[in-house]
Amino acid sequence: MVIMFTWICWLLVSNLATATKPWQYGLVIFSALLWLALVYLLLVFFRLERKLWGMLRDTVLTLDPHTKSISVDRAGDVIELTTANTALIEHHWLNQGKFGHYFYRFVDHSGRSTAFYDYGKGLPVALDVYFKGTPYRLVEHRYPFKDIPFS
């Protein structure tokens, strides 16, 4: 879309020298503003993808059914999540029409939080079994209108 709008704006601006009516100038200004708005939206959505990539990069989740815990290994720093050290589980849902992103945020008793992406492959079932009785909250975000808490 950006390429198409860039081409249309270029055509309008290149023919601006032959414009004779005021609405033709308005059309050029409107097209340029629409192009800028589209580029801005692409940058905003790219920022979200970059944040999610920061959450995914160098992160390994290990589910242990014997101790009913989840180990989050993020670049060598291992955090063990159990029902004893978890005060709240937040399941965040970023609604973007057909494309949705889901991630979990575990808050411990001291207020520190650990976030990781919802890979989906058995993780929701494991959370139901491992963290039964832990307070749970579903949080829906309408990005880009509400900031996303990743930390």
(message) For region 113-151, give me the residue count where each residue is within 14 Å of L81 (Cα to Cα), modelled with pLDDT under 85 and open to solvent by 50 Å² or more (accessible area, probe 1.4 Å).
(response) 0
(request) Would you be able to tell me the number of residues in region 59-77 that are open to solvent by less than 50 Å² (accessible area, probe 1.4 Å) and among the hydrophobic types (A, V, I, L, M, F, W, C)? (result) 3
(request) Give the residue that is surrounded by the fewest Cβ atoms within 10 Å (Cβ to Cβ), with candidates limited to residues of region 15-47 that are assigned to a helix (DSSP H, G or I) and modelled with pLDDT under 70. (result) A17
(request) Those residues that are farther than 15 Å from K132 by Cβ and in contact with a Phe, Trp or Tyr (Cβ under 6 Å, 6 or more places away or on another chain), I need them from region 62-90; list them, please. (result) V72
(request) State yes or no: is E80 modelled with pLDDT of 85 or more, open to solvent by less than 40 Å² (accessible area, probe 1.4 Å), over 30 Å from I3 (Cα atoms) and among the acidic types (D, E)? (result) no
(message) Condition check: modelled with pLDDT of 80 or more and within 13 Å of the chain's Cα centre (by Cα). Does W93 satisfy that?
(response) yes
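The values are calculated or read from the model by the stated rules, or taken from the named source; none is laboratory data. None of these values were measured; they are calculated from a predicted model. Neighbour counts run over all protein chains shown; Cβ positions are idealised from the backbone, glycine included. For accessibility, only protein heavy atoms count, side chains too; no ligands or nucleic acids. Shrake-Rupley method; radii C 1.70, N 1.55, O 1.52, S 1.80 Å.
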